[in-house]
Amino acid sequence: QKEVEQNSGPLSVPEGAIASLNCTYSDRGSQSFFWYRQYSGKSPELIMFIYSNGDKEDGRFTAQLNKASQYVSLLIRDSQPSDSATYLCAVKDSGGSNYKLTFGKGTLLTVNP
Amino acid sequence: DVKVTQSSRYLVKRTGEKVFLECVQDMDHENMFWYRQDPGLGLRLIYFSYDVKMKEKGDIPEGYSVSREKKERFSLILESASTNQTSMYLCASSLLRRSYGYTFGSGTRLTVV
C-alpha cells in the first residue's frame, strides 16, 4: 500500500508568519506531487504542483521537492487568516495506475489575526 | 474552467435503500474517480474509471459499484445503504496520463439512517 504521511497538526501561526507544511511518501518512483487546500465543508482545490527537485514558487506559496529523501513541503509566506484550511499532500502513483493520486490525511492550518 | 458537478449536495437515505450518486464533468477528461472522506481517515478511493465502461477498484470498493456509460458521467451506486456509509462523497476527474492533478466536484454529504 502506497503511503503519504503528513504532520497531522493542527498548525497554528500568527498572521504574517511563514507556515511550513510537510509530507513524506513511500512510492520511490513517483514523479508528480500536488498540494490541495480544503476549506471546512468544501471540496479540495489544487493550489500547487511540482515535478522536479528543488523549489517552485507561485505568489506566496513555495513547493519544495526532494525525491532522494521522498519529501515534499509547502511554504506559505505572509500567512493570512484566509489561508486557514486543511492542506492535503497528494502523490501520483508510479507504475500501471500512474493517473491515480494517493492523498495524505491533511494538516489543519490556523492563521491567527 | 473545468467543471465537475455532483447531482446532490445533501442526501438522506434509509438503511437498505439503493442509492445513486451522479457526477458529470464537462472537459472531456478520460479519468474519473469516486472518493469518500471521513474525519481522521482522509480521502479514500472507492472506484475509478479511465475510459467508458472501464472501471477499477480502489482501496475500499466493498458495498459500492460504479457505472460509466458515457465519458462525461460517472455514477456511484450503493447497492444496499448502511449506516457506515454515511460520509462525504467526492467525485473527481483528470486527463489521462498527464501530470495534472484532479478537479473535484463540490461533494455529496450522504446520511444513512
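Throughout, read-outs are computed from the coordinates displayed, never taken from laboratory work. None of the values given here were measured: they were computed from a predicted structure. Cβ coordinates were reconstructed from backbone atoms using ideal geometry, including for glycine residues, and neighbour counts include every protein chain displayed.
What spacing in nm lies between the two simple spin-label points modelled at residue B:67 and residue B:28, each 7 Å away from Cα in the Cβ direction?
Roughly 2.7 nm, to one decimal.
Which of the listed residues, B:40, B:110, A:50, is farthest toward the dipole's positive end in the protein assembly as shown, when Lys, Arg count +1 and Asp, Glu count -1 at the beta-carbon?
B:110
Ordered by packing density, taken as the mean number of other Cβ atoms within 10 Å over each peptide's residues, highest first, how do A:8-18, A:27-37 rank? Walk me through the numbers on the way to the answer.
Details: A:8-18: 13.0, A:27-37: 19.5.
Listed from highest to lowest mean packing, they are A:27-37, A:8-18.
Between residue B:7 and residue A:7, how many nm apart are label points set 7 Å from Cα along the C-beta direction?
A separation of 4.4 nm, rounded to one decimal place.
Can you give the Rg/Rh ratio of segment A:1-87, where Rg is from the C-alpha atoms and Rh is the Kirkwood radius? The partial results should precede the final answer.
On the way: Rg = 13.0 Å, Rh = 13.6 Å.
Result for segment A:1-87 is an Rg/Rh of 0.96.
Using only C-alpha atoms and all pairs of different ones, pull out the Kirkwood radius for segment A:10-53 in Å with one decimal. Intermediate results must be reported in sequence, preceding the final value.
Working: mean 1/r = 0.0767 Å⁻¹.
The answer is 13.0 Å.
For the protein assembly as shown, build the convex hull from the C-alpha positions and give me its volume per residue in Å³. Walk me through the numbers on the way to the answer.
Numbers: hull volume 26.7 nm³, N = 226.
Per residue, the Cα convex hull of the protein assembly as shown comes to 118 Å³.
Expressed in nm², what is the orientationally averaged projection area of the convex hull enclosing the Cα positions of segment B:1-76?
Numbers: hull surface 23.1 nm².
For segment B:1-76, averaging the hull's shadow over all directions gives 5.8 nm².
Once R0 is set to 30 Å, what does the formula 1/(1 + (r/R0)^6) return for the Cβ-Cβ distance between residue A:39 and residue B:53, expressed as a FRET efficiency to the nearest 0.05? Please list the in-between numbers first.
Numbers: r = 35 Å, r/R0 = 1.18.
FRET efficiency, residue A:39 to residue B:53: 0.25.
How well do other chains shield peptide A:42-48, expressed as the mean number of their Cβ atoms within 10 Å of each residue Cβ? Intermediate values should be presented prior to the final figure.
Details: counts 3, 13, 10, 3, 5, 1, 1.
If you average over the peptide's residues, the count of other-chain Cβ atoms is 5.
How large is the charge dipole for segment B:3-113, taken about the Cα centre, if only the Cβ atoms of Lys, Arg (+1) and Asp, Glu (-1) carry charge, to the nearest 20 debye? Show your work: numbers first, answer last.
Details: 17 positive and 13 negative charges, 24 e Å.
Magnitude of the dipole: close to 120 debye.
Could you size up the charge dipole of the protein assembly as shown around its Cα centre, putting +1 on the beta carbon of Lys and Arg and -1 on that of Asp and Glu, and report it in debye to the nearest 20?
On the way: 28 positive and 25 negative charges, 91 e Å.
That gives the protein assembly as shown a dipole magnitude of about 440 debye.
Among the lysines, select those whose C-alpha is under 24 Å from the C-alpha of residue B:53, and discard any that sit fewer than 8 residues away in the same chain.
Here the lysines satisfying the reach criterion relative to residue B:53 are A:92, A:100, B:3, B:18, B:70, B:71.
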